[in-house]
1. If I compute solvent accessible area with a 1.4 Å probe over the protein chains, what percent of it on the chain is carbon and sulfur?
2. Helix 95-105 versus the longest principal axis of the chain: what is the Cα-based angle in degrees, 0 to 90, to the nearest 10?
3. Tilt of helix 4-27 relative to the longest C-alpha principal axis of the chain, in degrees (0 to 90, nearest 10)?
4. For the chain, modelled as a GNM with alpha-carbon contacts under 10 angstrom, which of Leu72, Leu82, Leu40 fluctuates the most?
5. At q = 0.14, 0.17, 0.20 Å⁻¹, work out log10 I(q)/I(0) for the chain with the Debye formula, treating every Cα as an identical point scatterer and leaving solvent out; two decimals please.
6. Ignoring ligands, DNA and RNA, what accessible area per residue does the chain give at 1.4 Å, in Å²?
7. In degrees between 0 and 90, to the nearest 10, how far off the longest principal axis of the chain does helix 59-83 point, with axes built from Cα atoms?
Amino acid sequence: MQSRWRKLLVLGAGVILLLVTILASILFGLQQFGLSDLWLAYSQFDGSNEHLIITTTRVPRALTAAAVGACLAVAGAIMQILTRNPLASPSIFGINSGAALFIVIG
């Protein structure tokens, strides 16, 4: 992947895949919705159960999941940069042991 255009293409495909999976997470579940339901939930909110499910549960959950995934990716990249090791893991910094210690203390 030396070519700049190829890197941009892979990045664009990743962003599109992320958006499609977020949309699928919002629309599909125990109760399925259509794109029109999603649009109406934000443009013409009427307080129905469908609109409440979309606005208070599914969209915040999908956006939170995307944000947490991005944070974990950045944390992993920073760990790889700091150790200059492409196989860096949390055990190198003692994160696993520290987490286990606080679990025992809690």
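The values are calculated or read from the model by the stated rules, or taken from the named source; none is laboratory data. Since the model is a prediction, treat every value here as computed from it, not as a measurement. Ligands, DNA and RNA are stripped out before the accessible areas are found, and what is left, the full protein with its side chains, is counted by its heavy atoms. Shrake-Rupley method; radii C 1.70, N 1.55, O 1.52, S 1.80 Å.
1. 70 percent
2. With rounding to tens, the tilt is 70 degrees.
3. 50 degrees
4. With Cα springs under 10 Å in the chain, the top fluctuation among Leu72, Leu82, Leu40 is at Leu82.
5. -0.81, -0.92, -1.02
6. For the chain, the solvent-accessible area averages 78 Å² per residue.
7. Taking Cα atoms only, the helix is inclined about 10 degrees.
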